[in-house]
Amino acid sequence: MRVLIVENTAITHHGQVGVALHERAALVDILRPFRDEALPLRPMADALVVFGGEQSALDDESHPYLPQLADLMAAYAAEDRPVLGICLGSQLLARAFGAENRLGQTQEFGWCEVALTGAGQADPVTGALPGRFPIFQWHSDTFTLPPGAVHLAGSDVAPVQAFRIGRATYGTQFHFEANRAVVADWTRTFPALTERLRPGWADQHPEEALTRGTTADALGLTLARNWVSLI
């Protein structure tokens, strides 16, 4: 299988998604349109993954490639080629399918609790998870459920945390790819920012990594493997 990964920021970790892809010997192509690398005009790979970034899904002026990326995600979905959007990727996927992007309204940071909906409990990707689970979050934007999408998970802060369109197009607001190594690197790389988002994070992080982070690692890899199995 060949998978196109789109990165939207200079520090992008593939984390558990990368593990699951390499387990299946996937051939991975990486594009960084924020560095002016051109996006394809039509689907070329067997599947598409779009990771997060510091920009919003509506920052077309500073990141003019965003509308084309949203259209590319919709084009993959239309051809029944699996799509995975994480954080900004989910926000762009929601935009592509007619949802409302809501900026700066829902800040979550750290390992936060998410709950599956009834549909999420029956879904082939999310259904293997417990009804409530900890998973890593880093966002302040959110979106409404796209028309016709299946609502898979939510939280008290952001009611739409995961959704599915069609057979194999998934968006997750939460960072299930972010294993403990990824979170540790983010904490080292952005100490002032993470401390501002959650005062005391540097001191709290090691203990949370051993408890909630350990659980989240296992669940994130399960999600990644389940999605890759759809390709």
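The values are calculated or read from the model by the stated rules, or taken from the named source; none is laboratory data. From a predicted model like this one, the values you see are computed outputs, not experimental measurements. Because the Cβ atoms are built from the backbone with ideal geometry, glycine has one as well, and the counts that use them run over all protein chains shown.
Sort through Ala178, Ala94 and tell me the only one that's within 11 Å of the chain's Cα centre (by Cα) and buried (at least 24 other Cβ atoms within 10 Å of the Cβ).
Details: Ala94 fails: within 11 Å of the chain's Cα centre (by Cα).
Result of the check over Ala178, Ala94: Ala178.
Only helices (runs of 4 or more DSSP H) whose full extent lies in the range 152-230 are considered here, and the ones with at least 3 residues that are of a type in the set (D, E, K, R) are 180-189, 201-208.
Taken together, Arg164, Arg198 contain a single residue that is closer than 30 Å to Glu23 by Cα and of a type in the set (D, E, K, R), which is Arg164.
Rundown of residues vs (1) surrounded by fewer than 20 Cβ atoms within 10 Å (Cβ to Cβ); (2) polar (S, T, N, Q); (3) closer than 23 Å to Arg81 by Cβ; (4) modelled with pLDDT under 95, yes/no style:
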residue	(1), (2), (3), (4)
Trp138	no, no, no, no
Phe143	no, no, yes, no
Ser155	no, yes, no, no
Gly171	no, no, yes, no
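Taking first residues from the range 212-231 that are more than 13 Å from Val19 (Cα to Cα) and partners that are among the charged types (D, E, K, R) and modelled with pLDDT of 95 or more, the Cβ contacts under 6 Å between residues at least 6 apart in sequence or on separate chains come to Gly213/Arg180; Ile231/Asp46.
Per this entry, Asp60 is counted among residues that are touching a Leu at 6+ places or on another chain (Cβ under 6 Å) and over 19 Å from Leu223 (Cβ atoms). Annotation: of all residues in the range 201-217 being acidic (Asp, Glu) and loosely packed, with under 13 Cβ neighbours inside 10 Å, the one that is modelled with the highest pLDDT is Glu207.
Can you name the residue in the range 48-76 that is small (Gly, Ala, Ser) and over 20 Å from Phe190 (Cβ atoms) and, of all such residues, is surrounded by the most Cβ atoms within 10 Å (Cβ to Cβ)?
Pass one, the range 48-76, residues small (Gly, Ala, Ser): 52-53, 56-57, 62, 70, 74-75.
Adding the requirement that they be over 20 Å from Phe190 (Cβ atoms) leaves 57, 70, 74-75.
Details: Ala57: 27, Ala70: 22, Ala74: 19, Ala75: 17.
Checking each candidate, the answer is Ala57.
Pull up the range 110-136, narrow it to residues that are surrounded by fewer than 16 Cβ atoms within 10 Å (Cβ to Cβ) and among the charged types (D, E, K, R), then point me to the one that is nearest to the chain's Cα centre (by Cα). Ranking the qualifying residues of the range 110-136, first place goes to Glu113. Condition first: small (Gly, Ala, Ser), modelled with pLDDT of 95 or more and within 29 Å of Gln68 (Cβ to Cβ). Can you find one or more residues in the range 97-104 that meet it? Looking through the range 97-104, at least one residue is small (Gly, Ala, Ser), modelled with pLDDT of 95 or more and within 29 Å of Gln68 (Cβ to Cβ). Note on the range 41-133: enclosed strands (runs of 3 or more DSSP E) holding 1 or more residues that are within 16 Å of Ala168 (Cα to Cα) are 47-50, 83-86. Which residue out of Glu177, Glu208 is acidic (Asp, Glu), more than 28 Å from Arg102 (Cα to Cα) and in contact (Cβ under 8 Å) with a residue 60 or more places away in the chain? On inspection, the qualifying residue turns out to be Glu208. Given the criterion within 19 Å of the chain's Cα centre (by Cα), farther than 23 Å from Ala94 by Cβ and among the charged types (D, E, K, R), identify the matching residue among Asp29, Asp36, Asp59. Among Asp29, Asp36, Asp59, only Asp29 is within 19 Å of the chain's Cα centre (by Cα), farther than 23 Å from Ala94 by Cβ and among the charged types (D, E, K, R). The set of residues in the range 1-35 that are basic (Lys, Arg) and either at pLDDT below 95 or not in a strand (DSSP E or B) (or both) comprises Arg24, Arg32, Arg35.
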